[in-house]
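Enquirer: What follows is a single structure, and I will ask about it in a moment.
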Amino acid sequence: MTALIQGLIGAFQPEAILFTAAGTILGIIFGALPGLTSTMAVALLIPVTFGLSPVAGMGMLMGAFCGGTAGGSISSTLLRIPGTPASICTTFDAYPMAQKGQAGLALGTSLLVSLIGGLFSAGILMFIAPKLARFALGFGPTEYFSLAVLGLTVIASVSSKSLLKGVIAGFIGVFISFIGTDPVTGMVRYSFGIPNLLSGLNLLPVLIGLFAVSKALEDAETIGSSVKLTSNKGLKGEFPSFVTLLERKWIILSSAVIGTIVGILPGAGCSIASFVSYDQAKRLSKTPEEFGKGCIDGVIASETSNNAVTGGALVPMLTLGIPGDSTTAVMLGGLLIHGLRPGPLLFKDTPEIIYGIFAMLLLANVFMFAFQYFGIRLFVKMLKIPRYMLTPFILVMCTIGAYGVGGSLFDVFVMMVFGVIGYIFNKLHYGVAPVVLGFILGGMAETHFRRAFFMYRGDLGVFVTRPVTLLLLVLSLLLIAIPIIRNHKQSKKNLTAA
Amino acid sequence: MRKADIATSLTMICVSGFFLIQTTKIKDASGAILGPRFFPYVVLTGIILLSLLVLFYSCRKEKASSEETTLDLQGRAKVFVTLLIAFIYVALLEKLGFVFASVLFMSALGLFFYGKFDKKKVLNIFLFSAVAPVALFFLFTKFFHTLLP
């Protein structure tokens with residue numbers, strides 16, 4: 001009870017409220033602008049959190065996460081370009097609605113269901129996370145190894161374009177985590193005599209490079225092309241009637257549940273949640289033939305689920321130190337900067353910070369709703385910011401982020417190198433999310449496997465005799481097998497059709 | 001895409017081969033089976049085998065009639081110049097200081113991206129490039145206590 005009160009006091013400090021609000025506004029801007037993402041917003045805000053309290057810093061990052069995810073609906077509705085990958089499905093119906101003169105209704109609906117999805121998953125987070133953290137206190141190295149393997153195998157399901165390339169990217173991420181001093185024996189690996197590499201690569205410059213710099217380089221390719229906005233004179237958000245929402249209660253509920261579960265799965269993200277719930281909503285809808293032609297059900301499904309991911313993704317990140325998606329992978333960096341190691345001990349040793357974070361997530365969702373509703377015309381104006389001025393500004397912000405970590409130019413070079421790698425990997429459909437997952441989870445998997453090997457004197461049977469370890473490894477095998485079987489069936493079908 | 005896949009796979013195989021050789025040089029005083037070399041060997045071998053598969057599938061693909069359009073080449077040239085300007089910026093960052101280096105960087109890149117001569121827009125670019133780095137410097141160093149060159 002004391003920790004809860006302390007957490008709430010920390011959450012309602014002016015600093016925490018102000019920076020959560022600022023993070024939310026920036027997140028909405030980044031979400032609304034095509035080519036910029038909530039992950040990028042979070043990555044760029046990390047250096048800003050250096051001088052803040054952990055609760056204020058996390059509040060700012062969660063504000064950017066929630067705002068960025070919801071903000072994507074603005075350009076989806078008005079430009080037919082998803083502001084973020086999470087809003088791809090929103091485009092299918094929100095833009096046709098705008099063309100029918102219902103832009104306000106599309107935007108208002110997106111906003112309202114984003115709030116519902118976000119609050120639903122925040123509630124699940126607050127209910128599940130403490131219980132999972134208590135359960136995880138009993139985890140040993142075998143459980144942590146199998147959790148890391150589970151997270152790594154999700155690469156198979158998120159590598160939508162090419163499973164093979166996604167796995168290669170994941171392996172590359174794992175290999176990069178080996179650079180530096182071996183945590184078990186203290187031997188140096190792949191430093192090539194460079195002192196900066198003795199402790200390995202810093203997470204933040206790698207993340208900023210892969211997510212933010214690579215996007216800026218992709219943007220550089222097409223700068224100069226103009227965007228056409230649908231007419232938005234006198235635009236303001238209109239909410240659907242209560243009856244409309246009540247008729248679609250099962251779509252809203254199923255989308256919130258899907259988004260939360262997908263968020264909890266390590267490595268999966270908002271775009272997967274939105275596709276799965278869009279598909280599910282078609283089954284539940286009374287008018288499935290209207291999907292893709294301006295059906296409000298499609299907008300409801302996509303936007304409820306993508307914001308429901310925000311709370312869900314925080315569950316594995318806070319309780320086990322395993323990111324739920326790429327944005328929480330970056331947030332992990334934010335916690336580490338404050339000397340806080342996510343995991344069950346964080347709940348045990350500093351529960352007031354956990355309760356503070358829960359409160360900030362609720363506040364971030366409320367801010368997201370309020371700012372996007374009242375500031376809609378301003379955010380729409382942001383869509384007209386010339387990219388030839390915005391992209392250099394973003395690259396300077398990236399430099400601040402990378403340099404601010406340790407005051408070293410080496411980190412800025414690392415960021416640029418990974419920016420190039422991220423650009424090439426995106427172009428060739430290897431993806432950057434698998435690299436990040438591999439980088440974060442690879443070292444964890446190796447360390448815990450070797451610890452378990454030494455602890456149990458080489459007895460590998462312990463990986464099948466411990467029930468939680470066995471369950472997680474079986475789940476991992478299923479996650480690898482299902483896409484392979486699905487792809488195999490699809491190629492057989494294609495051959496038969498041909 | 002086919003040519004790019006072949007080139008990337010070959011590059012990955014060569015780089016992984018190089019790191020495999022470097023792995024043999026890692027000191028291991030413990031002599032344990034799962035020493036510091038074990039997992040790098042596994043992962044690098046995995047990268048090589050999977051890249052060989054990608055290479056195999058890419059070679060099997062039919063050659064496209066025209067691999068690249070003029071638009072693709074223009075875009076790539078823009079990326080190359082952006083990177084060149086960015087690397088020069090990073091190299092000069094500590095020598096010139098954050099503010100001056102960023103003003104030069106944002107002006108150069110902004111003008112390159114804009115690519116035309118419109119007095120008003122060019123003036124806006126210079127103005128924004130002058131104001132933004134100064135504002136960021138004060139915000140991050142005085143308010144957020146972040147280290148900047």
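None of the figures in this text is laboratory data; all of them are computed from the coordinates on show. Just so it is clear, the structure is predicted and the values come from calculations on it, not from any experiment. Virtual Cβ from ideal backbone geometry, glycine too; neighbours counted across all protein chains shown.
Enquirer: Can you compute the charge dipole magnitude of the protein assembly as shown about its Cα centre, using +1 on each Lys and Arg Cβ and -1 on each Asp and Glu Cβ, nothing else charged? Give it in debye, rounded to the nearest 20.
Expert: 1000 debye
Enquirer: Give me the distance in nm between label points sitting 7 Å out from Cα along the Cα-to-Cβ direction at A:K492 and A:F12, one decimal.
Expert: Modelled inter-label distance: 6.1 nm.
Enquirer: Going through segment A:411-482, which trypsin sites (Lys or Arg not before Pro) have at most 16 other Cβ atoms within 10 Å and a DSSP loop state?
Expert: A:R457
Enquirer: What whole number of Å gives the distance from the Cα centroid of segment A:417-431 to the Cα centroid of segment B:4-51?
Expert: 20 Å
Enquirer: How far is the Cα center of segment A:296-371 from the Cα center of segment A:81-158, in Å?
Expert: Segment A:296-371 and segment A:81-158 have Cα centres separated by 10 Å.
Enquirer: Show that you can apply the helix-only estimate: for the protein assembly as shown, add -39,500 (n - 2.57) for every DSSP H stretch of four or more residues, divide by all residues, and state [θ] at 222 nm to the nearest 500.
Expert: Calculated mean residue ellipticity at 222 nm is -24500 deg cm²/dmol.
Enquirer: Now, a different point. Using the Cα centre of segment B:2-60 as origin and beta-carbon charges of +1 (Lys, Arg) and -1 (Asp, Glu), tell me which of B:M12, B:C59, B:T45 is placed farthest towards the positive end of the dipole.
Expert: B:C59
Enquirer: Which loop-located trypsin sites (Lys or Arg not before Pro) does segment A:345-414 contain, where loop means any DSSP state but H, G, I, E or B and the Cβ has at most 14 other Cβ atoms within 10 Å?
Expert: Qualifying residues, ordered by number: A:K384.
Enquirer: Output the 0 to 90 degree angle, nearest 10, between the alpha-carbon long axis of helix A:467-497 and the longest principal axis computed from the alpha carbons of chain A.
Expert: 50 degrees
Enquirer: Quick one: compute a quarter of the convex hull surface over the Cα atoms of the protein assembly as shown and quote it in nm².
Expert: 30.1 nm²
Enquirer: Something else: Checking the a/c ratio against 1.5 first, then a/b against b/c, what shape does the Cα gyration tensor give for segment B:70-143?
Expert: oblate
Enquirer: Could you list A:S254, A:S87, A:S271 in order of exposure, starting from the residue whose Cβ has the fewest other Cβ atoms within 10 Å?
Expert: So the ranking, lowest neighbour count to highest, is A:S254, A:S271, A:S87.
Enquirer: Ok, one more. Evaluate the charge dipole of segment B:2-60 about its Cα centre and quote only its size in Debye, nearest 20, assuming +1 on the Cβ of each Lys and Arg and -1 on the Cβ of each Asp and Glu.
Expert: 120 debye
Enquirer: Could I ask something else about it? Evaluate the charge dipole of chain B about its Cα centre and quote only its size in Debye, nearest 20, assuming +1 on the Cβ of each Lys and Arg and -1 on the Cβ of each Asp and Glu.
Expert: With Lys and Arg at +1 and Asp and Glu at -1, about 200 debye.
Enquirer: Using the Cα centre of chain A as origin and beta-carbon charges of +1 (Lys, Arg) and -1 (Asp, Glu), tell me which of A:P351, A:P205, A:G118 is placed farthest towards the positive end of the dipole.
Expert: Result: A:G118.
Enquirer: Let me ask another. Rounded to the nearest Å, what's the spacing between the alpha carbon centres of segment A:239-289 and segment A:439-486? Just the number, please.
Expert: 32 Å
Enquirer: What angle do you read, to the nearest 10 degrees and between 0 and 90, between the alpha-carbon axis of helix A:163-176 and the longest principal axis of chain A?
Expert: For A:163-176 against chain A, the angle is about 50 degrees.
Enquirer: Could you compute how fast segment B:2-60 diffuses translationally, taking Rh as the Kirkwood radius over C-alpha pairs and applying Stokes-Einstein at 25 °C with viscosity 0.890 mPa s? Give it in µm² per second.
Expert: Translational D for this selection: 197 µm²/s.
Enquirer: Something else about it: Hey, what angle do you get for helix A:351-374 against the long axis of chain A, alpha-carbon based, 0 to 90 degrees rounded to 10?
Expert: Between helix and principal axis, roughly 20 degrees.
Enquirer: Let me ask you something else. Just order A:354-364, A:412-422 by mean Cβ neighbour count inside 10 Å, highest at the front, would you?
Expert: A:354-364, A:412-422
Enquirer: For A:I482 and B:L53, FRET efficiency with R0 = 22 Å and r from the beta-carbon atoms, rounded to 0.05?
Expert: FRET efficiency, B:L53 to A:I482: 0.65.
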